[in-house]
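Right, one structure below, let's go through it.
All of the numbers you see were taken from the coordinates with simple rules; none came from a lab. What you see is a predicted model, and the numbers here were worked out from it, not measured in a lab. Here the Cβ is made from the backbone with ideal geometry for all residues, glycine too, and neighbour counts use every protein chain on show.
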Amino acid sequence: MDPQLEAAAWNLGASEWRAMATVILPFTRPAIISALCLTMAVSFDEFAVAWFVSGLNKTVPVIILEILQGNVDPQINAIGTLVFIVSITLVVIAQILFMTRTPKERHGEG
Amino acid sequence: MAVQRLNLEILPGEFVAIMGPSGCGKTTTLLMLAGLEQPSEGEIRISGRRMNEVSPSERDTPMVWQSLALFPFLNVVQNVEFGLKMRRVDATTQHRKALEWLERLGIAEFAKRDVSLLSGGQRQRVALARALVTEPEILLLDEPLSALDAHLVIHMQGVLTRLQKELGITFVYVTHSQSEAFAMADRVVIMNEGAVMQIGTPQAVYRSPAHRFVAEFVGTNNILSGTAQSTNTGVLSLQTELGGFRVQPSAGQSVAEGASCSFVIGADHILLTSEAEALENRIPCSLISEQFVGSVVTLYFETASGVEFRVQKQQRELDALNLKIGETVWASWETQHAYLLPEV
């Protein structure tokens with residue numbers, strides 16, 4: 001973000017807080033949402049850390065491992081499909097947000 | 001330190017251009033007026049009120065930025081409404097006023113458009129409308145026309161001067177372009193390395209530069225340096241490497257005999273003739289190149305000792321002279337047109 005945008009907002013009468021709310025947040029909103037989606041996808045798929053730290057509240061990947069250790073069950077295929085769909089959706093949303101931001105940066109010609 | 005001690009008073013309704021090469025402190029001066037830079041000492045007053053402690057948002061000194069700094073996530077009319085929204089004007093009035101300004105600047109048809117889809121000239125107008133919509137007393141402009149095509153620059157200069165006269169508000173205009181400053185401003189401030197070199201009307205700056213830097217910056221002057229020889233009868237005789245010349249010092253200027261000094265001859269005050277018709281102050285020189293700049297042509301000459309001389313002529317005068325590259329003519333001027341530079 002061009003720091004002049006914030007200065008321009010002050011210059012037009014926005015206090016520092018209003019400039020944050022009316023310029024910085026709207027400008028960075030797509031980046032914030034896509035970062036949110038990516039971190040959700042990463043933590044949703046996280047296995048190693050979750051396996052070590054989860055106590056009674058087990059995450060989906062940990063449950064899958066426990067089921068696998070007992071016996072092979074078609075439940076796992078179903079859960080696996082769901083996990084895959086959720087995380088790929090989050091990643092795709094993040095990507096779309098990045099892509100809609102980029103053409104706006106382009107300057108008009110002439 | 002970007003700007004040294006600066007003492008500048010701008011009158012209400014005046015169009016002041018601050019001009020200088022890049023890095024001379026002109027933009028810093030503008031940002032200090034807007035409150036976006038703090039002066040380390042001294043005072044900034046607007047309408048008599050001390051502004052140093054006033055935050056930028058309360059100064060009411062909107063600015064047109066060199067980069068325009070339009071908000072890319074807002075459309076044209078929302079950009080223009082921004083200043084009114086910050087002043088908590090009700091939504092209907094916001095919209096009405098914004099549309100009025102878009103109408104006035106001839107871009108009402110683009111009101112709903114994304115700013116990234118506009119051309120340079122159109123975005124320029126949006127930036128102008130956004131700054132003027134709150135009807136400020138002062139408008140700050142930081143090289144607003146530097147990104148535009150040449151023909152648009154001339155057109156926008158007309159738009160700006162007309163607006164300024166109609167609204168009667170103060171314009172402080174920063175530019176590195178001499179032609180822009182001269183074409184629009186009531187007064188010009190010339191800065192170099194953070195210091196003010198001269199403040200005056202465009203005519204005064206052009207004809208009587210207060211400083212060698214100003215004479216060089218203004219661009220079409222010839223500067224000759226030499227030693228003062230005799231100072232009787234109010235006219236100074238100067239011995240330069242190109243020969244002896246006579247200069248009339250301005251009132252109050254005194255030069256001691258033997259002192260070194262410089263004088264300026266405007267490129268448009270030089271006569272090109274044969275030796276027989278040449279005026280009192282004369283040098284033979286040969287034509288090196290021509291530069292066509294519209295109705296006038298700048299001719300570059302070189303003297304036998306290699307000093308460059310610039311002469312400006314109307315195209316039709318030049319046609320009558322019928323000069324060829326390499327041809328030698330006599331450049332001469334009247335004593336009254338040589339301007340002695342004040343010693344600084």
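Values as computed for the structure displayed
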{"item": "Mean Cβ neighbour count within 10 Å, used as a protection proxy, ranking B:179-189, A:89-99, B:52-62 highest first", "result": "B:179-189, B:52-62, A:89-99"}
{"item": "The stretch B:234-344 - charge dipole about Cα centre, Lys and Arg +1 at Cβ, Asp and Glu -1, debye rounded to 20", "result": "120 debye"}
{"item": "Nearest-20 debye value, the protein assembly as shown charge dipole, Cβ charges on Lys, Arg, Asp, Glu", "result": "1160 debye"}
{"item": "Residue (of A:Ile96, A:Ile24, A:Leu65) at the positive-pole extreme of chain A, dipole from beta-carbon charges", "result": "A:Ile24"}
{"item": "Cα Rg over Rh - the protein assembly as shown, Kirkwood", "result": "1.19"}
{"item": "Cα-based helix-to-principal-axis angle, B:76-86 vs chain B, degrees rounded to 10", "result": "80 degrees"}
{"item": "Nearest-ten-degree value, helix B:120-132 long axis tilted from longest Cα axis of chain B", "result": "70 degrees"}
{"item": "Cβ-derived FRET efficiency at R0 51 Å, B:Ser225 paired with A:Ala21, nearest 0.05", "result": "0.25"}
{"item": "Rh by Kirkwood over Cα pairs, then Stokes-Einstein D for the stretch B:1-101 at 1.306 mPa s and 10 °C, µm²/s", "result": "100 µm²/s"}
{"item": "Cα→Cβ-extended label distance, 7 Å offset, between A:Thr89 and B:Thr93, nm", "result": "4.7 nm"}
{"item": "Cα-derived Rg to Rh of the stretch B:103-242, Kirkwood definition", "result": "1.14"}
{"item": "Residue (of B:Ser67, B:Leu148, A:Ala48) at the positive-pole extreme of the protein assembly as shown, dipole from beta-carbon charges", "result": "A:Ala48"}
{"item": "Under the span-like rule (Cα at least 15 Å along the axis, Kyte-Doolittle mean at least 1.6), DSSP H helices of chain A", "result": "A:60-70"}
{"item": "27 Å Cα-Cα reach of B:Lys26 towards lysines, excluding residues that sit fewer than 8 places from it in its own chain", "result": "B:Lys165"}
{"item": "Proportion of all alpha-carbon pairs of chain B beyond 24 Å (%)", "result": "63 percent"}
{"item": "Simple Cβ-charge dipole of chain A, Lys/Arg +1 and Asp/Glu -1, about Cα centre, in debye nearest 20", "result": "220 debye"}
{"item": "Sites matching trypsin sites (Lys or Arg not before Pro) across the stretch B:82-116 that sit in DSSP coil, with at most 16 neighbouring C-beta atoms within 10 Å", "result": "B:Arg87, B:Arg88, B:Lys112, B:Arg113"}
{"item": "Which of B:Leu160, B:Val133, B:Cys24, positive extreme of dipole for the protein assembly as shown (C-beta unit charges)", "result": "B:Val133"}
{"item": "Degrees between helix B:91-104 axis and first principal axis of chain B (Cα, 0 to 90, nearest 10)", "result": "30 degrees"}
{"item": "Paramagnetic reach from B:Asp186 in the stretch B:15-36 [backbone N under 13 Å; point 7 Å along Cα→Cβ]", "result": "B:15-17"}
{"item": "Compactness index (Cα Rg / 2.2 N^0.38 Å), the stretch B:19-75", "result": "1.30"}
{"item": "Pairwise Cα inverse-distance average, inverted: Kirkwood Rh of the stretch B:272-344 (Å)", "result": "13.1 Å"}
{"item": "Range of Cα positions in the stretch B:196-274 per principal axis (Å), largest first", "result": "36, 32, 20"}
{"item": "Label-point separation in nm, B:Glu334 to B:Val54, each point 7 Å along Cα→Cβ", "result": "5.0 nm"}
